[in-house]
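In what follows, a single structure is set out as structure tokens and then discussed.
The values are calculated or read from the model by the stated rules, or taken from the named source; none is laboratory data. Treat the numbers as computed from the prediction; the structure is a model and nothing was measured. For neighbour counting, all protein chains shown are included, and Cβ atoms are generated from backbone atoms with ideal geometry for every residue, glycine included.
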Amino acid sequence: MQASHATMSGVRSSDVTELLRGRGPFLSLYLTTESDIANAAQRSDQHWKSLRRQLADDGAPEELLSSVDPLVGPAHLEGETLVVLARADGRRVIDHPSTPPVRDLARWSALPTLVPLLEWRQRSVPHVVVVTDRHGADILTVAGDGSEREREVEGDDKPLRKSGPGGWSQRRYQERAENTWEQTAEEVAAEVAASAARVGARLVVVAGDVRAVALLREHLPREVDDLVHEIGGGRSPDGSADHIAAEAVRLVDTEVGADLRRALEDLDAKGAHGLAVSGAAEVAGALNEARVDVLFVPGDPAETPAAYSGREPVPVSMSADVLGDMAVDDVVEAPLVDVFVRAALGTDASVRVVPSDRKLPGGCAALLRW
């Protein structure tokens with residue numbers, strides 16, 4: 001399981017940072033693993049064989065390529081993309097994003113290609129989905145690294161109906177039913193609150209029986225209830241499961257879009273006070289001084305220029321000669337985004353990937369610590 005932390009500012013990924021501490025070259029693989037087609041495993045294997053030959057021609061060692069082989073066949077059971085980032089010594093990061101890549105990619109290069117993975121992790125907002133009725137609830141918890149945990153809470157199922165037998169005992173049965181619903185709601189609320197706290201949820205999506213939803217919200221702590229978005233759908237097998245899933249995805253995407261908007265607004269506002277810079281030269285200087293708090297890079301950096309770094313994440317430069325004059329050993333050339341992302345993660349900064357449909361001033365930018 002990957003170790004990553006996505007915030008409104010950007011993404012920090014400890015597993016990627018650990019990978020970058022070793023020396024390259026690195027293998028970078030982004031392979032489409034479609035789950036909804038016939039013979040998915042065979043299709044993935046065919047795609048991989050073509051990319052494998054390319055990597056071998058570029059110098060990737062056979063031992064490393066062989067270690068990827070068994071990952072490909074079952075990858076469609078985990079997600080829509082297989083991501084493998086690996087060093088020759090065997091250290092690697094494996095992930096299974098739930099959306100396909102813009103394009104399949106396979107590289108054997110001085111630095112790994114990280115932006116597509118970081119962009120996906122940036123979209124993985126920790127949240128809780130609750131489908132409740134008067135019997136209990138089904139609770140899905142999604143952590144910031146994309147991992148999921150399902151939990152079912154069932155209350156005491158008798159008595160649950162208020163229709164009662166009538167006569168002198170009807171009120172007693174009604175009260176017992178209300179008490180049972182209340183107790184179930186308390187148990188569900190406790191589990192939802194614990195799940196939200198465990199992953200640092202920023203969104204709680206709730207569907208189900210109207211009365212059960214109302215009771216649940218009465219028992220949720222205020223800080224959790226403030227995160228609640230109610231949607232349609234129920235717990236019974238009525239075909240609403242797909243609707244609930246689609247609505248949860250829509251709400252997460254809305255939150256991601258709001259994050260990006262706030263981050264870019266913050267970049268503009270702080271730039272007016274000298275706490276943000278844009279452009280490759282200015283960002284490189286800030287990285288070299290460890291002043292970068294959040295690095296902003298484009299989401300589709302196909303045309304990014306080259307940059308240079310040495311054995312350590314910093315210093316970086318747009319010129320190999322500059323690093324040579326600084327007596328930096330083992331200077332390597334790589335795409336600017338890869339050099340800058342390595343420098344940011346290596347100096348404990350986070351990374352914010354800006355989608356290709358949004359204009360990023362200067363091609364790259366940074367929020368500064370001071």
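Select from region 246-273 the residues that are over 18 Å from Lys359 (Cα atoms) and either in contact with a strand residue (DSSP E or B) (Cβ under 8 Å, 6 or more places away or on another chain) or of a type in the set (Phe, Trp, Tyr) (or both) and list them in ascending order.
Glu247, Ala248, Leu251, Val252, Glu255
If we keep just the residues of region 56-88 that are acidic (Asp, Glu) and not in a loop (DSSP other than H, G, I, E, B), which is nearest to Leu31 (Cα to Cα)?
My answer is Asp69.
Considering only residues that are assigned to a helix (DSSP H, G or I), hydrophobic (A, V, I, L, M, F, W, C) and out of contact with any Ser or Thr (no Cβ under 6 Å at 6 or more places or on another chain), which ones fall in region 214-232?
Result: Ala214, Leu215, Val224.
Can you work out which of the residues in region 21-37 that are β-branched (Val, Ile, Thr) and part of a loop (DSSP other than H, G, I, E, B) is nearest to Gly310 (Cα to Cα)?
Looking at residues that are β-branched (Val, Ile, Thr) and part of a loop (DSSP other than H, G, I, E, B), I get Thr33.
Residues in region 17-59 that are out of contact with any Pro (no Cβ under 8 Å at 6 or more places or on another chain) and farther than 17 Å from Gly79 by Cβ: how many?
Number satisfying all stated conditions: 20.
Could you tell me how many of the residues in region 202-241 are basic (Lys, Arg) and free of Cβ contacts under 8 Å to residues at least 40 places away in the same chain?
2
Can you find, within region 333-370, the residue that is surrounded by the most Cβ atoms within 10 Å (Cβ to Cβ) among those that are small (Gly, Ala, Ser) and under 19 Å from the mean Cα position of the chain (by Cα)?
Ranking the qualifying residues of region 333-370, first place goes to Ala344.
Provide a single number: the residues in region 271-299 that are surrounded by fewer than 17 Cβ atoms within 10 Å (Cβ to Cβ) and charged (D, E, K, R).
The qualifying residues number 2.
Please go through (1) in contact with an Asp or Glu (Cβ under 6 Å, 6 or more places away or on another chain); (2) modelled with pLDDT of 95 or more; (3) of a type outside the set (A, V, I, L, M, F, W, C) for Ser109 and return the number of the only condition it doesn't satisfy.
Only one criterion in (1) in contact with an Asp or Glu (Cβ under 6 Å, 6 or more places away or on another chain); (2) modelled with pLDDT of 95 or more; (3) of a type outside the set (A, V, I, L, M, F, W, C) is unmet by Ser109, namely (1).
Of everything in region 300-317, what is farther than 18 Å from Leu19 by Cα and in contact with a helix residue (DSSP H, G or I) (Cβ under 6 Å, 6 or more places away or on another chain)? Give them in sequence order.
Pro301, Thr304, Pro305, Ala307, Tyr308, Pro315, Val316, Ser317
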